[in-house]
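Structure, as structure tokens:
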Amino acid sequence: MRRLHSMTRMFGSAAAALCGALAVTLADAGEQRPATGLVRWSADEKAVLASLSLKRLPPVPADPSNAVEAQPAAIAFGRSLFEDARFSRNGAVACASCHDPARQFQDGRPVSQGVGTGSRRAMPIVGAGHATWLFWDGRKDSLWAQALGPLEDAVEHGTNRVRVARQVAANHRGEYEALFGALPGLDGPPGDASPRGNAAEQEAWATIEPRRREEVSRVFANIGKAIAAYEKSLQPAPTRLDGYIDAVLLGDRAAGSLLRADEARGLRLFIGKGQCVSCHNGPLFSDQQFHNTGVPQRDATRPDRGRAAATAAVRGDEFNCLGPFSDARPEQCQELRFMVSDDPALEGAFKTPGLRGVAGRPPYMHAGQFATLEQVVRHYVAAPHAPVGHSELTHRHAGAAAPMHAERAPIELSEAEVADLVSFLGTLTAERPLAAVAPTTPGSQDGRASPPGEVHGPHRPGPGRRGHDDGLLSDRRFGGHGAQRPLPILLGRGCAAPPG
Ligand code: HEC
Ligand code: HEC
């Protein structure tokens, strides 16, 4: 019931925003000529184009569970932590090893390589501040809680929270204490201890008295909060498509020179016949929801259940929004409290990845199953049965195992259309990589220059609570799980229908 209410509010604000865009479009419809000579966009299509523009990206929503996230000192400290390889068992792995600023904050590998080998692909971090759920399966509910995962993961950094707290005391004391106050004394506990570590580390953790454990975990959580502040400062840069959309909406004939004909045809397929925009929507090209699209398993002997196995993990996480280390009040944790966890469609479902910059970071899917964008698009046309759960994609000749989401038409594309869609995806890459925003902490140990990356703009803390009160068109608002809403549907609600 509550969900329904908030959904109505979401659609209300989204529809209002689209109506606004539509009004602008219609106002000058009289004198408008086809902008490109190649493609004439209908008013409906223009409204969808507007919804994809980077200009529509709302400010990063504020996370009430992280009190320091908007502080410049936290952003700078977070960046130095992000790049510090001493927070790893072998001294060689930093967040930036797998999230390389020079490679769109990912590593280009099918599955990641830390102190060991992982089972999923690294995700680009730019724009992650807009996500409600982090990781391919959404098993974390904030960026700061997310950051703590890899540190104690046996195959990523492979370290533990007592060691992390000691390293903060040894190498980052000034930066830490300026933000979070005095560090606790850390001489007492054994050197390597954690409730999540190996047997010896867990045993050592059990010997520490509860008050001391809490102190160590709080230092650990604070490290995550600083890292999250840095990550939230990373914003996507405008791409050729954004320039094209601006020009089309202004009725500017220069639009014709901004996209090639095949790219413009691909864009039309993306928002129309290809149905891509039903999941890849909003300025980041993601509904931030979980879908089973029948992607093959990387390792058939260890099937990946995706979202279905993650809801219990996030609910039980001591670092979640409702936990003791969160700065939020319980009523500010609506996403977690009203999380959908009993929907069978979560089986084998993964988070819709954003598509900005996608052409520059193969391979694709949650475990790098496809090497090229062409293979990705062909997958949507083939729509195979899912190895785990049921695919949302349908196939015209779907046999006995009837598709669960029968309302979705099969995605049928000719060879030429597959090529056009691939061409279009190339327009989502920013042409000029901008400098990263966060300054390196003055006096911090590494003096690395700003790395290049597709990022720009200062962190703009949002006015409202995460995902609720900001009243802006946010891509993650298009429905709960399984409720894909192609944008044109919104136009039917509350806007006058555009003239044919
Ligand atoms: C060994 C490589 C590796 C290291 C080191 C690593 N990551 Fe990741 N990162 C990954 C992989 C792989 C995923 C996806 C894992 C999954 O979904 O289970 C990921 C996912 C993420 C995400 C989720 C993005 C999204 O859109 O949901 C964020 C944020 C992130 N990492 C930040 C960090 C931070 C911060 C650190 C350092 C504390 C870090 N990572 C260290 C490989 C790594
Ligand atoms: C039902 C929702 C849905 C539809 C429709 C959809 N996608 Fe996706 N897309 C996803 C999900 C979910 C993933 C990740 C799947 C995984 O890794 O298992 C994905 C992954 C991708 C990727 C890989 C990105 C990356 O970083 O790995 C690309 C590219 C992509 N989709 C493009 C498209 C195109 C083009 C279309 C239209 C032909 C489309 N998608 C239609 C949900 C959808």
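The values are calculated or read from the model by the stated rules, or taken from the named source; none is laboratory data. Just so you know, these numbers come straight off a predicted model, no measurement behind them. Cβ: placed from backbone, ideal geometry, glycine included. Neighbour counts: every protein chain shown.
Which one of these is within 10 Å of ligand 1 (Cβ to nearest atom), hydroxyl-bearing (Ser, Thr, Tyr) and not in a loop (DSSP other than H, G, I, E, B): SER97, SER80, SER88? Before you say what the answer is, go through the steps one by one.
Working: SER80 fails: within 10 Å of ligand 1 (Cβ to nearest atom); SER88 fails: not in a loop (DSSP other than H, G, I, E, B).
After ruling out the rest, the residue left standing is SER97.
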For the stretch 140-168, the count of residues that are buried (at least 21 other Cβ atoms within 10 Å of the Cβ) and under 20 Å from ALA309 (Cβ atoms) equals 8
Scanning the stretch 289-307 for residues that are buried (at least 22 other Cβ atoms within 10 Å of the Cβ) and either within 14 Å of ligand 1 (Cβ to nearest atom) or part of a helix (DSSP H, G or I) (or both) gives GLN289, PHE290, VAL295, GLY306, ARG307
Among GLY306, GLY354, GLY360, GLY294, the single one that is within 12 Å of ligand 2 (Cβ to nearest atom), closer than 21 Å to ALA382 by Cα and among the small types (Gly, Ala, Ser) is GLY294
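Report, by residue number, each residue of the stretch 346-377 that is of a type in the set (D, E, K, R) and within 15 Å of ligand 1 (Cβ to nearest atom).
To start, the set of residues in the stretch 346-377 that are of a type in the set (D, E, K, R) comprises 347, 351, 356, 361, 374.
Matches in the stretch 346-377: LYS351, ARG356, ARG361.
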Taking the stretch 105-139 and keeping residues away from ligand 2 (no atom under 14 Å from the Cβ), buried (at least 19 other Cβ atoms within 10 Å of the Cβ) and part of a strand (DSSP E or B) leaves LEU134
ALA313 meets each of (1) within 14 Å of ligand 1 (Cβ to nearest atom); (2) not in a helix (DSSP H, G or I) with one exception, condition (2)
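Tally up the residues in the stretch 413-429 that are part of a loop (DSSP other than H, G, I, E, B) and at pLDDT 95 or above, please.
Looking only at the stretch 413-429, we keep the residues that are part of a loop (DSSP other than H, G, I, E, B), and these are 413-414, 429.
Adding the requirement that they be at pLDDT 95 or above leaves 413-414.
Selection size over the stretch 413-429: 2.
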Selection from the stretch 248-285 of residues touching a Leu at 6+ places or on another chain (Cβ under 8 Å) and more than 24 Å from ALA419 (Cβ to Cβ) yields LEU249, GLY282, PRO283, LEU284
**Message:** Being modelled with pLDDT of 95 or more, of a type outside the set (A, V, I, L, M) and away from ligand 2 (no atom under 16 Å from the Cβ): is that true of GLU263 here?
**Reply:** no
Looking across the stretch 217-239 at residues that are assigned to a helix (DSSP H, G or I) and either at pLDDT below 95 or hydroxyl-bearing (Ser, Thr, Tyr) (or both), the single one that is farthest from PRO124 (Cα to Cα) is SER217
Flagged pairs (Cβ under 9 angstrom, 6 or more apart or on separate chains; first in the stretch 127-155, among the basic types (Lys, Arg); second assigned to a helix (DSSP H, G or I) and near ligand 1 (Cβ under 9 Å from one of its atoms)) are ARG139/GLN146; ARG139/GLY149; LYS140/GLN146; LYS140/ALA147; LYS140/LEU148; LYS140/GLY149
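I'd like to know if the stretch 76-99 contains one or more residues that are closer than 30 Å to ASP299 by Cβ, within 16 Å of ligand 2 (Cβ to nearest atom) and either polar (S, T, N, Q) or touching a residue at least 12 places away in the same chain (Cβ under 8 Å) (or both).
yes
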Note: among ALA47, ALA62, just one is under 25 Å from PRO238 (Cα atoms), crowded, with 24+ Cβ neighbours inside 10 Å and of a type outside the set (Lys, Arg), namely ALA47
Restricting the stretch 327-374 to residues that are in contact (Cβ under 8 Å) with a residue 24 or more places away in the chain and basic (Lys, Arg), the one nearest to GLU69 (Cα to Cα) turns out to be ARG329
When every residue in the stretch 106-136 that is within 6 Å of ligand 1 (Cβ to nearest atom), touching a strand residue (DSSP E or B) at 6+ places or on another chain (Cβ under 6 Å) and not aromatic (Phe, Trp, Tyr) is compared, the one farthest from TYR230 (Cα to Cα) is ALA122
